[in-house]
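Down below is the structure, laid out as structure tokens.
The values are calculated or read from the model by the stated rules, or taken from the named source; none is laboratory data. Here the structure is a predicted model, which is why all the values come from computation and not from measurement. Neighbour counts run over all protein chains shown; Cβ positions are idealised from the backbone, glycine included. Heavy atoms of the whole protein, side chains included, go into the accessibility calculation; ligands, DNA and RNA do not. Shrake-Rupley method; radii C 1.70, N 1.55, O 1.52, S 1.80 Å.
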Amino acid sequence: MQSSRSKPCSCPSLKLREVASMYLTMVAAFLVILVVALQGSAPHQSDFPYKVPLDPQGLLELSWNVSYPEQAVHFQLLIRELQFGLLFGMSDRGEFENADLAVLWSDGHNSYFGDAWSDAKGQLHMDSQQDYQLLGARRAPEGLYLLFRRAFSTCDPKDYLIEDGTVHLIYGILEKPVRSLQAINISALHGGLQRVQLLKPNISIPELPRDMKTMEITAPDVVIPSQETTYWCYMAELPEGFPKHHIIMYEPVVTAGNEALVHHMEVFQCAAQFDSFPLYNGPCDSKMKPERLNYCRHVLAAWAMGAQAFYYPEEAGLAFGGPGSSRYLRLEIHYHNPLVFKGRRDSSGIRLYYTATLRPYDAGIMELGLVYTPVMAIPPGEDSFILTGYCTDKCTQLALPAAGIRIFASQLHTHLAGRKVVTVLARDGRERQVVNADSHYSPHFQEIRMLKEVVAVFPGDELITTCTYNTEDRSRATVGGFGILEEMCVNYVHYYPQTQLELCKSAVDPGYLHRYFNLVNRFNDEEICMCPQVSVPQQFYSIPWNTFNRDVLKSLYAFAPISVHCNKSSAVRFPGEWEKQPLPSITERLREPSPRCPPSPGPQPAAPVPLHLGQLRR
């Protein structure tokens, strides 16, 4: 019998038939995928765990996930009412100029997607390196899903470097067809910005105890004021005799429909020195707000738009209730209502998860940075002025246990002029580790952030917090203090085990500041009033801010001795000599991390990707 291999046959061989069958199957599968991509159901939400509304009306919803192995962010953008396209991207502080953009646009017949950038005048240009990679477009009943990918670092000078900390996202809606990308007029777009932390830490969720209970601290069906910005205060009360518990987790409770209006929320515990607090419910800046509410400042929980649930490490919890703990809590909600909606009712707040089974350690909160004092000031007209606060080795040596503490979360804080904040751990004169850093910090977006890795701090370590300020829009000096037009530089670090050390900060020595005033007074022909009754702020306000006066102030803050506040929770300093302390000597700085460039996929044409989305709405 002849073998089939040698048998003559006019038909294709079995192998060829298999190849043809596989080819047809692949084509059919591709067509199915294409149809699903354009008309199918919404993607699984579990694929994109982080979500935030981009616009106040909630017409644009961004979801994303982070792949640290790939060093990339995957975006899913839901466009509920697609007109003729939109711009989405990132910029330094939310400007549309010098922005890195992904653009979807239509000429009325055909649609395109491309990676673009805007110059200093707001003119759009197609990027020669297409780093926003389109993954798909899906039609669903609720709108169009656009899926795309972006590496953290692209090494393209026109691209934004995605790093830890705040990212200013921008969007713009195209309401008319455009002939080309270059024809888009940014100034005519309906757009805005949203701030998020894109690079969420990849932290495993600890197992929660069976006896866990929940408590919701929520606004009592308030009517959101019809103005752009409102801070709403509501007082809540723990039950009488509420024993000590550990908070082990908390999450936001946001009223459906108000997701784009509830900007951030915080729950504060009041000072235990008062037996009672007025049960106030109203605007935080109202003249009717009782003065005593200012003593409710101990943070229990803080949430900002885009954040998920906050978990404490499995070995620690935040204590509340019991002896020496106030029963009174203050909820503060920031409503951002730029479209001035009227009559919106809201019952948002924070849900606390707590347990009576106490964990091994109480968690604590410690303030690092600068003391709230006017001796630390920023001249007007500065684009990047730096102030630094120190938690010195002398303080940590005295106040921390031999086994040290573990910092697991951090909340950075400045007022309106703050632009960057960083806290660094130093040991033996060498910077060892960044505790937390935000190079695009915004005072309008403050949240407690879980750290990617726990930071161990031992006796003798130093914690150095540096803030960068911009006062280009101000005509007189900005001094340190509590007022919103005054400044702060703070890092509230969350750690365990709790110690007596609640505040570890510094300020320039007042005597050396007085020498500064004397020097500039002589240099400026006695123009500065040095009368004993004149306050430090008034002396700063009277300084003519020439180059000499600015440079000498910078030198003063860089070299003069400091007053260290190494304080217990009672606001009393630990025993010791804390005045005229030398600045920590740092002999070795951390190197700036070098951006990791992704492997080059080879030359890619600077051309948009066509999309078949059908006729768009006119």
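The condition (being touching a residue at least 24 places away in the same chain (Cβ under 8 Å), under 23 Å from G306 (Cβ atoms) and surrounded by fewer than 20 Cβ atoms within 10 Å (Cβ to Cβ)) is satisfied by just one residue among L169, L147: L147.
Scanning segment 240-250 for residues that are touching a residue at least 40 places away in the same chain (Cβ under 8 Å) and either of a type outside the set (D, E) or crowded, with 17+ Cβ neighbours inside 10 Å (or both) yields F242, P243, K244, H245, H246, I247, I248, M249, Y250. If only residues of segment 539-573 that are part of a loop (DSSP other than H, G, I, E, B) and of a type in the set (S, T, Y) are counted, the one that is modelled with the highest pLDDT is S542. If you go through segment 361-393 and keep only what is in a loop (DSSP other than H, G, I, E, B) and hydroxyl-bearing (S, T, Y), you end up with Y372, T373, S384, T392.
If you go through segment 429-438 one residue at a time, do you hit one that is in a strand (DSSP E or B), touching a Lys or Arg at 6+ places or on another chain (Cβ under 9 Å), among the hydrophobic types (A, V, I, L, M, F, W, C) and within 25 Å of K200 (Cβ to Cβ)? Yes, because at least one residue in segment 429-438 is in a strand (DSSP E or B), touching a Lys or Arg at 6+ places or on another chain (Cβ under 9 Å), among the hydrophobic types (A, V, I, L, M, F, W, C) and within 25 Å of K200 (Cβ to Cβ).
Within segment 189-228, restricting attention to residues that are open to solvent by 80 Å² or more (accessible area, probe 1.4 Å) and assigned to a loop (DSSP other than H, G, I, E, B), which residue is farthest from P443 (Cα to Cα)? This residue is R210.
Considering only residues that are at pLDDT 95 or above and within 18 Å of C296 (Cα to Cα), which ones fall in segment 217-236? Listed by number, the residues that qualify are I217, T218, A219, W232, C233, Y234, M235, A236. Take the conditions assigned to a loop (DSSP other than H, G, I, E, B), in contact with a Gly (Cβ under 8 Å, 6 or more places away or on another chain) and modelled with pLDDT of 50 or more and apply them to L82. Does it pass? Here the answer is yes, as L82 does meet what is asked.
When I386, I365 are checked against the criterion of being in contact with a helix residue (DSSP H, G or I) (Cβ under 9 Å, 6 or more places away or on another chain), surrounded by fewer than 23 Cβ atoms within 10 Å (Cβ to Cβ), touching a residue at least 12 places away in the same chain (Cβ under 8 Å) and not aromatic (F, W, Y), a single residue qualifies: I386. Filtering segment 141-181 to residues that are among the aromatic types (F, W, Y) and part of a loop (DSSP other than H, G, I, E, B) leaves F152, Y160.
Scanning segment 89-113 for residues that are over 19 Å from W64 (Cα atoms) and more than 27 Å from the chain's Cα centre (by Cα) turns up W105, S106, D107, G108, H109, N110, S111, Y112.
For V520, the requirement of being among the aliphatic types (A, V, I, L, M), in contact with a strand residue (DSSP E or B) (Cβ under 7 Å, 6 or more places away or on another chain) and touching a residue at least 12 places away in the same chain (Cβ under 8 Å) is not met. Exactly one residue out of A302, A319 is within 22 Å of the chain's Cα centre (by Cα) and either within 25 Å of D221 (Cβ to Cβ) or at pLDDT below 95 (or both), and it is A302. Do you know which residues across segment 394-413 are in a helix (DSSP H, G or I) and open to solvent by 30 Å² or more (accessible area, probe 1.4 Å)? Matches in segment 394-413: K394, Q397, L398. Screening the candidates G349, G324 for the property of being of a type outside the set (S, T, Y) and without any contact (Cβ under 8 Å) to a residue 60 or more places away in the chain yields one hit, G324.
Of everything in segment 457-486 that's among the hydrophobic types (A, V, I, L, M, F, W, C) and open to solvent by 30 Å² or more (accessible area, probe 1.4 Å), which residue is farthest from Q498 (Cα to Cα)? Per the stated criteria, the residue is L485.
Would you pick out the residues in segment 433-450 that are open to solvent by less than 40 Å² (accessible area, probe 1.4 Å) and at pLDDT below 95? Once the filter is applied, which keeps residues that are open to solvent by less than 40 Å² (accessible area, probe 1.4 Å) and at pLDDT below 95, segment 433-450 yields S442, P443, F445, Q446, E447, I448, R449. Looking only at segment 331-360, residues that are surrounded by fewer than 22 Cβ atoms within 10 Å (Cβ to Cβ) and either assigned by the TED database to the domain that holds G483 or in a loop (DSSP other than H, G, I, E, B) (or both) come to 14 in all. Taken residue by residue, segment 582-605 has no member that is out of contact with any Ser or Thr (no Cβ under 9 Å at 6 or more places or on another chain), open to solvent by less than 70 Å² (accessible area, probe 1.4 Å), at pLDDT below 95 and under 30 Å from L82 (Cα atoms).
So which residues in segment 285-319 are more than 17 Å from A236 (Cβ to Cβ), assigned to a strand (DSSP E or B) and either open to solvent by 30 Å² or more (accessible area, probe 1.4 Å) or small (G, A, S) (or both), if there are any at all? Of everything in segment 285-319, those that are more than 17 Å from A236 (Cβ to Cβ), assigned to a strand (DSSP E or B) and either open to solvent by 30 Å² or more (accessible area, probe 1.4 Å) or small (G, A, S) (or both) turn out to be A304, Y311, A316, G317, A319. Return the residues of segment 487-503 that are assigned to a strand (DSSP E or B), more than 16 Å from the chain's Cα centre (by Cα) and aliphatic (A, V, I, L, M); say none if nothing qualifies. Residues satisfying the conditions are L501, L503. In segment 124-140, the qualifying residues are those that are touching a residue at least 60 places away in the same chain (Cβ under 8 Å) and part of a loop (DSSP other than H, G, I, E, B), and the one that is farthest from Y160 (Cα to Cα) is S128. Looking at segment 86-106, is at least one residue out of contact with any Phe, Trp or Tyr (no Cβ under 8 Å at 6 or more places or on another chain), of a type in the set (A, V, I, L, M) and either modelled with pLDDT of 95 or more or open to solvent by less than 40 Å² (accessible area, probe 1.4 Å) (or both)? Checking segment 86-106: not a single residue is out of contact with any Phe, Trp or Tyr (no Cβ under 8 Å at 6 or more places or on another chain), of a type in the set (A, V, I, L, M) and either modelled with pLDDT of 95 or more or open to solvent by less than 40 Å² (accessible area, probe 1.4 Å) (or both). Take L425 and tell me if it is without any contact (Cβ under 8 Å) to a residue 60 or more places away in the chain, open to solvent by less than 30 Å² (accessible area, probe 1.4 Å) and in a strand (DSSP E or B). Yes: the conditions hold for L425.
When the residues of segment 251-284 are filtered to those that are of a type in the set (D, E, K, R) and open to solvent by less than 60 Å² (accessible area, probe 1.4 Å), the one that is nearest to the chain's Cα centre (by Cα) is E266.
Residue-by-condition table, conditions (1) surrounded by 20 or more Cβ atoms within 10 Å (Cβ to Cβ); (2) within 26 Å of R419 (Cα to Cα):
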position: C489; (1), (2): yes, yes
position: F523; (1), (2): no, no
position: W545; (1), (2): no, yes
position: D551; (1), (2): no, yes
position: P561; (1), (2): no, yes
position: V564; (1), (2): yes, yes
position: A571; (1), (2): no, no
